[in-house]
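Here is the structure we will look at.
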Amino acid sequence: MSIPTHAAGIDAPRALRRAFSAFPTGVVGIGALVDEKPVGMAVNSFTSISLEPALVAVSVARTSSTWPILAAAPQLGLSILGSEHQALCRQLSSRSPDRFADASWHATEGGAVLIENAALWLECGVHSVLDGGDHEIILLNVLGAEFFPEVEPLVFHQSAFRGLQSQ
């Protein structure tokens, strides 16, 4: 399918969103304690950047009202969500004032919020913010990591949650 990006009358962002959904991604819960309460959001634009120094990146829409609150936190927790977290992912993506309601999580000494039963926990600090068009690209220093290989990750593909299948 060819997607014209500048043709009159074409909703290019919607068409591109659909096209980009062909790339399966994991889903990351980002959280921090703010005024002693967990604040967070879900993103599926996450990637490892560098091993030395340890850097990862996420992409956040400029329209996000949650990111400016998280950006001010001294540390952020990134949880690669597990396959059991479909409902929590929707909750973290909602406009709910308590996105962590009924969720199992804990906070680190630095205030990073980590979600239980995740495939990976990363404790991070903001390294830098780059222009990404209608998004900001956030480079994060990885301060700590804990990997849970027995947890199947939540996979998002073509706007639906999917499972992994070994070959």
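The values are calculated or read from the model by the stated rules, or taken from the named source; none is laboratory data. If you're wondering where the values come from, they're calculated on a predicted model, not measured in any experiment. Ideal geometry is used to build each Cβ from the backbone, glycine not excepted, and the neighbour counts take in all protein chains shown.
Hey, among Thr63, Thr25, which residue is surrounded by fewer than 16 Cβ atoms within 10 Å (Cβ to Cβ), polar (S, T, N, Q) and within 23 Å of Asp134 (Cα to Cα)? Walk me through how you get there before you give the answer.
Values: Thr25 fails: surrounded by fewer than 16 Cβ atoms within 10 Å (Cβ to Cβ).
Answer to the selection: Thr63.
Do you know which residues across the range 10-55 are polar (S, T, N, Q) and at pLDDT below 95? Break it down stepwise before answering.
Taking the range 10-55 first, the residues polar (S, T, N, Q) are 21, 25, 44-45, 47-48, 50.
Those that are polar (S, T, N, Q) and at pLDDT below 95: Ser21, Thr25, Asn44, Ser45.
What residue, of Glu150, Glu116, is of a type in the set (Asp, Glu) and touching a Ser or Thr at 6+ places or on another chain (Cβ under 9 Å)?
None of the others qualify; the one that does is Glu116.
In the range 86-97, how many are more than 13 Å from the chain's Cα centre (by Cα) and in contact (Cβ under 8 Å) with a residue 60 or more places away in the chain?
Qualifying residue count for the region: 1.
Please enumerate the residues belonging to the range 114-165 that are free of Cβ contacts under 8 Å to residues at least 40 places away in the same chain, charged (D, E, K, R) and within 21 Å of Ser64 (Cβ to Cβ).
Hit for the range 114-165 is Asp131, nothing else.
Restricting the search to the range 48-61, which residues are in contact with a strand residue (DSSP E or B) (Cβ under 8 Å, 6 or more places away or on another chain) and farther than 19 Å from Leu92 by Cβ? Let's see the steps before the verdict.
First, pick out the residues of the range 48-61 that are in contact with a strand residue (DSSP E or B) (Cβ under 8 Å, 6 or more places away or on another chain): 48-49, 53-61.
If the condition is that a residue be in contact with a strand residue (DSSP E or B) (Cβ under 8 Å, 6 or more places away or on another chain) and farther than 19 Å from Leu92 by Cβ, then Ser48, Ile49, Pro53, Ala54, Leu55 are the ones that fit.
Restricting attention to the range 15-57, and to residues there that are of a type in the set (S, T, N, Q) and either free of Cβ contacts under 8 Å to residues at least 12 places away in the same chain or not in a strand (DSSP E or B) (or both), which single residue is nearest to Glu136 (Cα to Cα)? Write out each step before concluding.
Just the residues of the range 15-57 that are of a type in the set (S, T, N, Q), to begin with: 21, 25, 44-45, 47-48, 50.
Imposing the further condition that a residue be either free of Cβ contacts under 8 Å to residues at least 12 places away in the same chain or not in a strand (DSSP E or B) (or both) reduces the set to 21, 44-45, 47-48, 50.
On the way: Ser21: 19, Asn44: 14, Ser45: 11, Thr47: 14, Ser48: 16, Ser50: 19 Å.
It comes out as Ser45.
Restricting attention to the range 95-134, report how many residues are under 27 Å from Arg17 (Cα atoms), among the small types (Gly, Ala, Ser) and surrounded by fewer than 17 Cβ atoms within 10 Å (Cβ to Cβ).
Count: 4.
Checking Pro68 against (1) part of a helix (DSSP H, G or I); (2) farther than 21 Å from Ala160 by Cβ; (3) at pLDDT below 95, only one condition comes out false. Which one?
For Pro68, the exception is condition (3).
Here is a yes/no grid of residues against (1) aliphatic (A, V, I, L, M); (2) modelled with pLDDT of 95 or more:
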position	(1), (2)
Ala101	yes, no
Ala119	yes, yes
Cys124	no, yes
Ile138	yes, yes
Leu143	yes, yes
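Hey, any hits in the range 44-53 for a residue that's under 24 Å from His157 (Cβ atoms), out of contact with any helix residue (DSSP H, G or I) (no Cβ under 6 Å at 6 or more places or on another chain) and not polar (S, T, N, Q)? Write out each step before concluding.
At the first step, the residues of the range 44-53 found to be under 24 Å from His157 (Cβ atoms) are 44-49.
From the residues that got through so far, the ones that are out of contact with any helix residue (DSSP H, G or I) (no Cβ under 6 Å at 6 or more places or on another chain) too are 44-49.
So of that shortlist, the ones also not polar (S, T, N, Q) come out as 46, 49.
Yes, the range 44-53 has at least one match.
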